[in-house]
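Asker: Next up is a structure, given as structure tokens.
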Amino acid sequence: MALESLLEMLEPTAHKEPPVLGKAIPWKQVEGQFLRVRWCSFFASIEDGTIKADPTGAYAALEVECPSLTDNAVIVVSSKDDFRHLWELYKERQVEDDEEVLLTCTPVDRKGSWGLIRMLLPCLDIMVYPKGHLKEAYDPKFRPKSWEAWNRARGRWSPFEP
């Protein structure tokens, strides 16, 4: 028995993949909440204004965190518009060390379309704020000097906007 426990401790643990929003975690769980992007991985690129994509249908993946989630989650980006916005942010504008990327999602099941078409519609409202904005947003004791100034994003890409 002790040998089995020792062997279990010495075995490398399998890397646990974060759950995918919309599959393992319902969109409703994060509806109306800020999600902070931990990392963004691209499966496609833009060359001379043209998207060069893998035929899998996914353009990118985002790992996000949110106070309503017990652990991080993944968002699979399947909309060309969302992908273009993320490309503009991460590849062209770039995120500074003193910034964090927050987003909200319009759940695909709320758009009034059907099936695959829903997955292709943009749903990410992407915003860039100074680091610490997510923490402040969920801190009931936080009071900025100016709500207008605090709420003004340094950069923003909204669904259905070019």
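Asker: Can you tell me the order of 32-38, 47-53 when each peptide is scored by its average per-residue count of other Cβ atoms within 10 angstrom, highest first?
Answerer: 32-38, 47-53
Asker: Let me ask you something else. Could you give each residue of region 17-26 its phi-based ³J(HN,Hα) in whole Hz, using Karplus coefficients 6.51, -1.76, 1.60 with θ = phi - 60°, and x for Gly or Pro?
Answerer: Values, residue by residue: 6, x, x, 9, 5, x, 10, 6, 10, x Hz.
Asker: Shifting gears a bit: Need one number: convex hull volume per residue for region 17-157, Cα atoms only, in Å³.
Answerer: In region 17-157, the Cα convex hull volume per residue is 125 Å³.
Values quoted throughout were computed directly from the atomic coordinates according to the rules given, and no laboratory measurement underlies them. If you're wondering where the values come from, they're calculated on a predicted model, not measured in any experiment. Note: ideal-geometry Cβ built from the backbone for every residue, glycine included; neighbour counts use all protein chains shown.
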